[in-house]
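The structure under discussion appears below in the form of structure tokens.
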Amino acid sequence: MYIVKYTGKFGFIKPWTAVRDGETFSQQFLTPSIIEGIEKKLFPELLKSNGVISKIQRHKLSYTAIDMQQEVTQTRGWKISKQQMTRQRSILLRGIMLDPILYLAFKDRNDAVVASKQHICLCRNEDILLPCTDIYEYTEDEFDRLDGFELRFGESEQSFLVGFNRFDGGNPMYGWIEYNGNKLL
């Protein structure tokens, strides 16, 4: 496998943390639809093939810590009084990954070269990860030993529902977590 390493030096919103972390405890792994979205960004010729991940074979995500930060948001609805319309405010807690590292594994070296020349975003456009210039060649066993979370896609005895795929008509996504390395918060 040919590996491209992406890093970021700032805080990055944890996947699925657009909702309140205090209520949902959003996960530390990337769902199939997130990986598919990254693949479509890297290879725009795949935009018409929905529900399929064809070039990214595996991935691993790690970070040094999660920092809980508050964010003030406005509700979608309006509060109407006799003299004005206002939007109520709410405070959300968001988990921010510090120093994230994402490894993407490709079967084809040419695909890794294309990916190594582009930035990616995990979940929001401001969460940019930049590629390292080197492309690494790892066996499956070497990749397994990299630190980080990986959601292995598919249904098995250890699988659980991880969401609904926005690229595949809202169909359910299943997978199981594999993790290697130090315990993360």
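The values are calculated or read from the model by the stated rules, or taken from the named source; none is laboratory data. On a predicted model such as this, the values are computed, not experimentally measured, just so you know. Quick reminder, even Gly has a Cβ in these numbers, built from the backbone with ideal geometry, and neighbours come from all protein chains shown. Each accessible area value is taken on the protein alone, full model and side chains, heavy atoms only, with ligands, DNA and RNA left out. Shrake-Rupley method; radii C 1.70, N 1.55, O 1.52, S 1.80 Å.
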Residue match in region 93-110 (condition: more than 22 Å from Met173 (Cα to Cα) and among the aromatic types (Phe, Trp, Tyr)): no
Evaluation of Gln84 against (1) at pLDDT below 85; (2) out of contact with any Leu (no Cβ under 7 Å at 6 or more places or on another chain) (one fails), failing number: (1)
Pair list, Cβ under 6 Å, 6 or more apart: region 93-120 residue over 10 Å from Val4 (Cα atoms), other residue surrounded by 14 or more Cβ atoms within 10 Å (Cβ to Cβ) and among the small types (Gly, Ala, Ser): Ile96/Gly11; Leu98/Gly11; Pro100/Gly8; Ile101/Ser62
Strands (runs of 3 or more DSSP E) lying entirely in region 86-185 (those with 3 or more residues that are more than 19 Å from Gly51 (Cβ to Cβ) and open to solvent by 30 Å² or more (accessible area, probe 1.4 Å)): 89-98, 128-137, 171-180
Residue match in region 49-69 (condition: of a type in the set (Lys, Arg), touching a helix residue (DSSP H, G or I) at 6+ places or on another chain (Cβ under 6 Å), open to solvent by 30 Å² or more (accessible area, probe 1.4 Å) and at pLDDT 85 or above): yes
